[in-house]
1. In Å, what Rg and Dmax follow from the Cα atoms of segment 2-165?
2. Which whole-number value in Å³ per residue fits the convex hull of the alpha carbons of segment 426-501?
3. Pop out the ³J(HN,Hα) list for segment 559-570 in order, Karplus 6.51 cos²θ - 1.76 cosθ + 1.60 with θ = phi - 60°, rounded to Hz; leave Gly and Pro as x.
4. Along the Cα→Cβ direction, 7 angstrom out, place labels at Val127 and Asp561. What is the inter-label distance in nm?
5. Distance in nm between label sites at Ala212 and Glu385, each 7 Å beyond Cα in the beta-carbon direction?
6. Could you list Ser128, Ser283 so that the one with the fewest beta carbons within 10 Å of its beta carbon is first and the one with the most is last?
7. In nm, give the distance between the simple-model label positions of Arg591 and Arg351, each being 7 Å from the Cα along the Cα-to-Cβ direction.
8. Could you give the distance between the Cα centres of segment 198-231 and segment 544-568, to the whole Å?
Amino acid sequence: MTISGAAKTVDPREMAALDVLAVASFAALFAGLALVTIAAFRRFVLHQLTFNSLDIAWMAPLGTLAVFLIPAVPIAIAAALAPRLIRPRLVFGLFGFLALLSILLLFRLRTAASLLLALGAAWQLAVSAARRSGAVLRRLRLGASAMAGVTALLAALVLLVLPAVARRHSPSTAPPGAPNVLLLLLDTVRAEELGMYGYPKPTSPRIDDIAARGVVFDRAIAPSSWTLASHASMFTGRRPGELSARWWTPLDRAYPTVAEVLRDHGYRTAGFAANFAYTGVESGLSRGFQHYEDLVRTWRQVVWSSALAQVPLVRSLASARTGDSVWAALRRHELRIAGRARSRDHKTAARATGDLLRWLERQERGPFFAFINFFDAHELSEPLEPAFDTFGRGERARYDGFLARIDQAIGDLIDTLGQRGVLDNTIVIITSDHGELFGEHGIKGHGNGLHMPALWVPLIVVHPRHVPAGIRVAHPVALQDLAATFVDLAGLPPGALPGTPLSRYWRAGHDSSPARAVYSEVERFKDPESPGPAASGPMRSLIDADWHYILHSDGRNELFDWRRDSDELHNLAASGRQPPPNLTRLSGMARAITSRYR
């Protein structure tokens, strides 16, 4: 290195160790903040779901920095030991390439296109920067410091300012003696897999015991067969088709949510979402909750928030333990980022209930509305503890094991609330957003059809004083009516949210006759290659006391006598005989409902 006059000039043939770290830091923070900017544009300007938490604002820059330091540290050490071995052009080119590739990956280009564009642009930048490396390095240090400051401000905004604003108490007060409301929502859990509905395996002994203390609905029907549409309907009392919630679009502010209504009437509100993809903060479901947790904040999750860490090749190499697995990952060389949530540490049922209990410990007196989304049964690829891995082999056996894990966590939660005296004035509602199929009707999963296993979910309502024990309701009921039910159980004036409270089925003097046919719907499935019928277009469903009607997008009909044909094996609409009168009636009802808002 030489000095000319008062200014230091960097030898173009070498680079100091601190300079290597400065280049890497600038490139990493630039790429991380670019990810944040692109996500913000998509979310707030294009109104699209990006499957990111608000924590991405600070996690992405820090995570990208951590990834870039993996090659930067050894290069910096080499520069300190043998400066002439580390050329500025190499350093500028390497970290320019990594930064540009990180940004290009967000646009889901072809792998070859991303690599060529990043390589070409990085080479041009490296050649130009190396010619005047002294001036460039000074600017990079200033730029890295400025971007570090921006990252710190974003972290303060997300971790301190926004939670403080959301925690501000409403000036309203709850009605005297208002009960707490606790909604436990088992994501992707179908009713027929629980003991209270006749399942022979011990997947739900604790929930079964809780159910015996209150009202069990034998045929609760979800508004849709996938998460966001169903949650949005339960929270607003509106049909999914009336709402903005779609596969790629969050719930907007067109209609109030139950959390907003209860908060405005003096309730403290908190949500704990384990389904990061479709119940996270950006889904719109967090509206009205003064405290809301979605992403698990760990150092591993920070790293996983960078674009490069989302690359399948990088993930495969990071998890490889043998030479064969390394070679297999290299042969696949998959670089395209999947369009899904950037979450690495999934929130287990025990963790979600623990988060709720810790929140309750910090609260003042007064009623609360708390919501937990349990995601265990959805993520069957996650590790399952030996204590719950007792149901055999196969996908359905693992599903049962995860149900048992949720069951244990809920049982422990209820026990703890009882010991603290909280349960004495708490209405507990246990339900699910939709079911799951394991090959029935040639379908696996959910969201791609409207047959009974995808719509029939558990529903339990328990309260030691306001809800009688041992009642079972045989009539089909709509989870869409839960919004009105929450308002009713909280003792608030009726009409704050649409729907008919389900308390009509157990309160003396109330009409408990069968209500209207229960309507469900699903939009066109997000994966057009799915074998499910919803891949061809939206579907509609109506379920009444005896019949289940399904309307396909191409006009085809299905009609099942679900009480006598519980597996829905015989489509009476295609039997070749005279169509039953109920087919015309239900078809007309389904078409009339959708015509109101489409």
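Read-outs throughout are calculated quantities, based only on the coordinates presented, and are distinct from any laboratory measurement. Just so it is clear, the structure is predicted and the values come from calculations on it, not from any experiment. Cβ placement follows ideal geometry from the backbone for every residue including glycine, while neighbour counts extend to all protein chains displayed.
1. 17.5, 55
2. 113
3. Along segment 559-570, the couplings run 9, 10, 8, 5, 6, 8, 10, 5, 8, 6, 8, 10 Hz.
4. Simple spin-label model gives 8.0 nm for this pair.
5. According to this spin-label approximation, the distance is 2.4 nm.
6. Lowest count first: Ser128, Ser283.
7. 5.0
8. 21
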